[in-house]
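To start, the structure itself, in structure tokens.
The values are calculated or read from the model by the stated rules, or taken from the named source; none is laboratory data. Quick caveat, the model's predicted, so the values are computed rather than measured. With ideal geometry, Cβ positions are generated from the backbone for all residues, glycine too; neighbour counts draw on all protein chains shown.
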Amino acid sequence: MSSLMVDFIISLDGYGAGEGWPGYWGMEGPEYLAFVEKEESDHEHIALMGATTYRLMSGFAAEMPDDPGFAAMTATPKVVFSSTLEAPLSWANTELIDGDAVEAVKDMKERDSRPLRTIGSRSLCRSLLEAGVVDCFRVVVFPVITGATGQERIFDGYPDIALDLVDSHTFDGRLQLLEYVPTVLEGPPGVGD
Amino acid sequence: MTATYTFDVFSSLDGYGSNTGDWGGYWGKQGPELLDHRLALYDAEQRMVLGANTFRAFAQMLASSTEESEVRDPWVTRMRNLPATVVSTTLEEPLDWPDATVVRGDAVDVVARLKEESDVPLRSHGSLSLNWALMAAGLVDRVQVTVFPVITGHTGLEPIFRGAADFDLELVESRTLDGHTQELIYRPTLH
């Protein structure tokens, strides 16, 4: 049995990006980057993603093969869920699964002991959350509000979910990590409780 | 020396201020630390600044409440007894509120003047559109968000920053209450 973590970086208002804002909204710091590097260099997990994230990240990895972050991702075993991409995939150590992502992930959790982690992939993450196969939901809240320019709202289309806070940490005095165990609710709470 | 203005707001992790569901007040996640902390916050001398919609919602909840209702929690009672400025073009005095004044006019002008004249800090709870306008005008010194441990993708209402501009935030304080609720206090600067 392995566990699955979904993680995102978000603005305080829940967006994954903002038009005109730099990567990490320009708010990254040494503590956070050391944390990211440590996580990326851990090759003992499997990275899960959808086709959109695959296209983006494999493109970056091809353009910047010497970047330590992308080199680490290239070395990490990866699984892409897509019915449009075609095997073989060019990015090393990447398996393509052309089928139901939820069933495949359930199967991987049964068979594999390595932890599973998503990279970006909002719609894949939404499907996995809805199906109740996510063990850990982690966000790092960046100190910006992007009411005017926010894009890629992370939580659009989500169900209602009760969260159990298991970790909380501040990086560089400004980035707030919040790690939760999610429980998807069938309907509004209170009904039938 | 101008008075400090704090925009105090409750939120789900996905940024909604309320919901169509049966979550209840505080999304059912209140605990002793949160309630004590809220009371301590509102214990200090200060003036409330409320928008008309939030004021009406409070008044309505109080009117229909029972002794056990969350709207009768001690910090809410304390908040209700603080002097309040309600910015509204439609509400008429007298208000069913211990010490509230209705002020007509543009919220930005009203609050800019209050900040000059008030001897005590100013605090607003909820009042989203009022606070978006004040944030855009650079009048909000602190944004205090209490993040309750829920996602309300299905039933969420009133995104707390949907009508806000873009801001850089400086994290001033962060604390976990009852082991599951996160309070984040930021100083906003227009981006």
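For the reader, a short list of remarks on this structure follows.
- Looking across the range B:121-145 at every residue that is polar (S, T, N, Q) and assigned to a strand (DSSP E or B), the one that is nearest to the other protein chains (Cβ to nearest Cβ) is identified as B:144.
- Residues within the range B:175-186 that are part of a strand (DSSP E or B) and farther than 12 Å from residue B:143 by Cα, tallied: 5
- Residue, nearest to the chain's Cα centre (by Cα), within the range A:7-27, restricted to residues that are assigned to a loop (DSSP other than H, G, I, E, B) and either within 9 Å of chain B (Cβ to nearest Cβ) or crowded, with 20+ Cβ neighbours inside 10 Å (or both): A:14
- In the range B:146-185, the qualifying residues are those that are more than 7 Å from every other protein chain (Cβ to nearest Cβ) and among the aliphatic types (A, V, I, L, M), and the one that is nearest to the chain's Cα centre (by Cα) is B:160.
- Residues of the range B:34-74 that are crowded, with 16+ Cβ neighbours inside 10 Å and hydroxyl-bearing (Ser, Thr, Tyr): B:42, B:54.
- Taken over the range A:142-190, the residue count meeting the criterion of being of a type in the set (D, E, K, R) and either within 7 Å of chain B (Cβ to nearest Cβ) or over 16 Å from the mean Cα position of the chain (by Cα) (or both) is 6.
- Residue in the range A:46-69 that is in a strand (DSSP E or B), surrounded by 20 or more Cβ atoms within 10 Å (Cβ to Cβ) and touching a Gly at 6+ places or on another chain (Cβ under 6 Å) present: no
- Qualifying residue in the range A:149-160 (condition: modelled with pLDDT of 95 or more, in a strand (DSSP E or B), closer than 22 Å to residue B:26 by Cα and among the small types (Gly, Ala, Ser)): no
- Those residues of the range B:104-128 which are surrounded by fewer than 19 Cβ atoms within 10 Å (Cβ to Cβ) and touching a helix residue (DSSP H, G or I) at 6+ places or on another chain (Cβ under 8 Å), in sequence order: B:108
- Scanning the range A:101-113 for residues being at pLDDT 95 or above and either outside any helix (DSSP H, G or I) or surrounded by 15 or more Cβ atoms within 10 Å (Cβ to Cβ) (or both) gives a total of 7.
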